[in-house]
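Step one of this worksheet: look at the structure below.
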Amino acid sequence: MTKTYNEINEKIKNGDVVVVTAEQMINIVEDQGIKVAAEEIDVVTTGTFGPMCSSGAFLNFGHADPPIKFEHLWLNDVQAYHGNAAVDCYIGCTRLSDVKRFKYGGGHVIEDLVAGKPIRLRGNSYTTDCYPLAEIDTEFTLDEINQAILLNPRNAYQRYVCAVNSSDRTLYTHLGKLLPHFGNAHYAGAGCLSPLSNDPDYETIGIGTRIFLGGGIGYIIGEGTQHSPTNQFGTLFVKGDLKQMSPEYLRGVSYEQYGTSLFVGLGIPIPILNEGLAKKTAISDAELFTDIVDYGIPRRDRPKPRRINYEELKGEYIELNGKKVKCSSLSSFYHARKIAETLKEWIQDGKFYLNPPAETLPTDTVFKPMKQTTKIKFVKDLKRNAIICHDDCDLKTIAEKIIDQNLNHIIITDLENTLKGIVTSFDVTKAIARDKTDLNDIITKKVITTTDNEPIDVATRKMKLNNISALPVIDELNKVTGLITSEELI
Amino acid sequence: MTIINCMLPFGLVKDFDDYSKIVNDILKHDITFNILKFSTGSNGINLLIDIPEDKTKTITESLKQNNIVVNKKGRVIIDDEKCIDCGACISLCPTDALHLDKEERLKFYYEKCIGCLLCLSACPRFAIEEM
């Protein structure tokens, strides 16, 4: 059995097209088999609604009088990129407001714009003979500007990872707030409704494919950046007219201590041209796997404790290292379902026709890492010898070592060199001021540490976050192998 | 005697030693008390204790200083206009007061909330507010 785009569009025109969502397709194929499903179902709709950081919009304001050629410009205090002609700009969703910082960003500007709210435009220029205006401070709404084009270089990840945190502190990441010691887990992606997962070989998806985007009609204009089809991390480059879109499907979001982003609603119709597509669109959450990734290790290649399917991810608790870990999504399945249902209605009502792509997405591109021309430095490259006192020593010994070695930090260990604590010159001063004589009164026992193979930037961030100036370097047995201080980092 | 419910949610634990704080803090007050229920789970530690009425205030206050949540109920409200049903708050909730219903929409169970406020900053839409 095969069908063509023309046959399906003819059915849409006649009002007898059969459309189901990818979630409904699972049961249809299970009950009636692939052959019958392929004959009866014409289109399967998909949907996803989640944070998509590679999103933004091109805007054109028209010319001022006298004209201005922007050098820098801000929309509601969020800087937009200007490197095009006089009054074009690109507002990216992760750019933070200069004023509200983490609470408002480019994603919120886009949501407010689509909601019809007035946006404040401030800009300046170095001025030219043809563009003499030096500064502008004005306001506009979506209706009052020329073009407003949502242009997202990377959307609709085929699947996404599930993040956990093995470290001993809470982490604030692009996958939300991750509690220490595997305290929780976050994942993203719509699972069985995920657009690219329903056509994983991109038979029907490519340049020119008409899609649901932000509540309006949009188009795929190519593979997204970092498109990595061989490991099921395909992505899409999409565009659409903001003027047709709805703030319900474009929502600005702020992740604590991470930054802002934009929730984008996106849905793709998949024409059931053959039995293969009927089978692929019947994929269930249980058949879609992703990796659990440990964000406790701040490196590009993070440990992956295990594989997991979307069925388990959606079950509120996942199993990890024999422990039940509470798990939740960062993307909304409720809205993903609503998008698939809306797209289904559009097709049934004859408002949306399907088209073959001019070119399908590549299936063999590789996502390469960044080329770095300078070698990254590790703690082992910069550490110095630690000055050690044993935990039975008196304060005078510590004070003498501080003076002799001209160092502010003395590491306290037991006789086997196991880390027991740290004492600073300030602690010793405090002891004298308050008449303390026992090491136990001044020692800091909960010490923030580093290891030989930690990149210098990770150690630096630990010092900054904890407002301290030195970290003992320890090995896996908690034995002290050195010390790194802020002086080495300068 | 008064029964109080102490909870040390996992997200507020900086160190595993913190778990001993609940009992140590109560012991400081030199009193006899009954432990009615002691439970640990992946969400934290929970203790139901029966303490003398006249000591309730001092004990409660010293527990609170160590991030221990005492006897609190329903201290947050969800703004449905701002909520996008993503679920980012759910994994942070130590008592299942926040979860998705059958339609995958966020539901808040006031009676289960202990007011730890861990969910507040986890919401990317600022839809959760302290009451």
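The values are calculated or read from the model by the stated rules, or taken from the named source; none is laboratory data. Just so we're clear, the structure is a prediction, and the values are computed from it rather than from any experiment. Cβ: placed from backbone, ideal geometry, glycine included. Neighbour counts: every protein chain shown.
Scanning the stretch A:212-251 for residues that are within 14 Å of chain B (Cβ to nearest Cβ) and surrounded by fewer than 24 Cβ atoms within 10 Å (Cβ to Cβ) turns up A:Gly215, A:Ser246, A:Pro247, A:Glu248. With respect to the stated conditions, A:Leu489 fails to be under 42 Å from the mean Cα position of the chain (by Cα), farther than 18 Å from A:Ile387 by Cβ and exposed (fewer than 14 other Cβ atoms within 10 Å of the Cβ).
Restricting to the stretch A:425-464, what's the tally of residues that are of a type outside the set (Lys, Arg), over 16 Å from A:Leu382 (Cβ atoms) and under 43 Å from the mean Cα position of the chain (by Cα)? Before you say what the answer is, go through the steps one by one.
Step one: of the stretch A:425-464, the residues of a type outside the set (Lys, Arg) are A:425-429, A:431-433, A:435, A:437-444, A:447-460, A:463.
Next, only the ones that are over 16 Å from A:Leu382 (Cβ atoms) stay: A:425-429, A:431-433, A:435, A:437-444, A:447-448.
Now narrow it down to the ones that are under 43 Å from the mean Cα position of the chain (by Cα): A:425-427, A:442-444, A:447-448.
Total satisfying the criteria: 8.
Listed by position, the helices (runs of 4 or more DSSP H) enclosed by the stretch A:308-408 that each have at least 1 residues that are more than 31 Å from the chain's Cα centre (by Cα) and either within 14 Å of chain B (Cβ to nearest Cβ) or surrounded by 14 or more Cβ atoms within 10 Å (Cβ to Cβ) (or both) are A:333-348, A:379-382, A:395-405.
When A:Ile297 is tested against (1) within 14 Å of another protein chain (Cβ to nearest Cβ); (2) in a loop (DSSP other than H, G, I, E, B); (3) among the β-branched types (Val, Ile, Thr), only condition (1) is not met. Can we say A:Lys446 is part of a loop (DSSP other than H, G, I, E, B) and under 22 Å from A:Ala399 (Cβ atoms)? Against the criterion (part of a loop (DSSP other than H, G, I, E, B) and under 22 Å from A:Ala399 (Cβ atoms)), A:Lys446 does not qualify.
Scanning the stretch A:172-189 for residues that are farther than 9 Å from A:Ser328 by Cβ and within 7 Å of chain B (Cβ to nearest Cβ) turns up A:Lys177, A:Leu179, A:Gly183. Within the stretch A:87-118, the set of residues being under 24 Å from A:Tyr258 (Cβ atoms) and in a strand (DSSP E or B) comprises A:Tyr90, A:Ile91, A:Gly92, A:Leu96, A:Ser97, A:Arg101, A:Phe102, A:Lys103, A:Tyr104, A:Gly105. Going through (1) over 24 Å from A:Val114 (Cα atoms); (2) in contact with a Cys (Cβ under 9 Å, 6 or more places away or on another chain) one by one, A:Ser261 falls short only on (1). Pairs are defined by a Cβ separation below 6 Å, a sequence spacing of at least 6 or placement on different chains, a first member in the stretch A:362-386 that is modelled with pLDDT of 90 or more, and a second member that is assigned to a helix (DSSP H, G or I); the pairs so defined are A:Thr363/A:Pro229; A:Lys377/A:Ile456; A:Val379/A:Ala459; A:Leu382/A:Glu488. Criterion applied to A:Leu415, A:Leu419 was being part of a loop (DSSP other than H, G, I, E, B) and either in the same structural domain as A:Arg299 (by TED's automatic domain parsing) or touching a strand residue (DSSP E or B) at 6+ places or on another chain (Cβ under 9 Å) (or both), and the one residue passing it is A:Leu415. Annotation: A:Leu121 fulfils all but one of (1) part of a strand (DSSP E or B); (2) within 14 Å of another protein chain (Cβ to nearest Cβ); the unmet one is (2).
Within the stretch A:281-307, the set of residues being among the charged types (D, E, K, R), surrounded by 15 or more Cβ atoms within 10 Å (Cβ to Cβ) and under 21 Å from A:Ile270 (Cβ atoms) comprises A:Asp285 only.
Considering the stretch B:62-71, the residues that are in contact with a strand residue (DSSP E or B) (Cβ under 9 Å, 6 or more places away or on another chain) and not β-branched (Val, Ile, Thr) include one that is nearest to the other protein chains (Cβ to nearest Cβ), namely B:Asn67. Checking each residue in the stretch B:92-109 for being farther than 16 Å from B:Ala127 by Cβ and touching a residue at least 24 places away in the same chain (Cβ under 8 Å) picks out B:Pro94, B:Thr95.
The residues on offer are A:Tyr131, A:Tyr81, A:Tyr126, and the sole one that is of a type outside the set (Asp, Glu), under 26 Å from A:Gly215 (Cβ atoms) and surrounded by fewer than 21 Cβ atoms within 10 Å (Cβ to Cβ) is A:Tyr81. Selection within the stretch B:72-131: residues that are in a strand (DSSP E or B) and within 11 Å of chain A (Cβ to nearest Cβ). The member of this set that is surrounded by the fewest Cβ atoms within 10 Å (Cβ to Cβ) is B:His99. If we keep just the residues of the stretch B:32-57 that are among the polar types (S, T, N, Q) and over 19 Å from the mean Cα position of the chain (by Cα), which is modelled with the highest pLDDT? Step by step, filter the stretch B:32-57, then rank; the result is B:Asn34.
What do you reckon, is A:Ser246 more than 18 Å from A:Gln158 (Cα to Cα) and hydroxyl-bearing (Ser, Thr, Tyr)? Criteria met by A:Ser246.
Residue under question is A:Ala340, and the condition is that it be touching a Leu at 6+ places or on another chain (Cβ under 6 Å) and at pLDDT 95 or above; does it hold? In short, yes. Counting the residues of the stretch A:394-405 that are over 18 Å from A:Glu487 (Cα atoms) and in contact with a strand residue (DSSP E or B) (Cβ under 8 Å, 6 or more places away or on another chain) gives 3.
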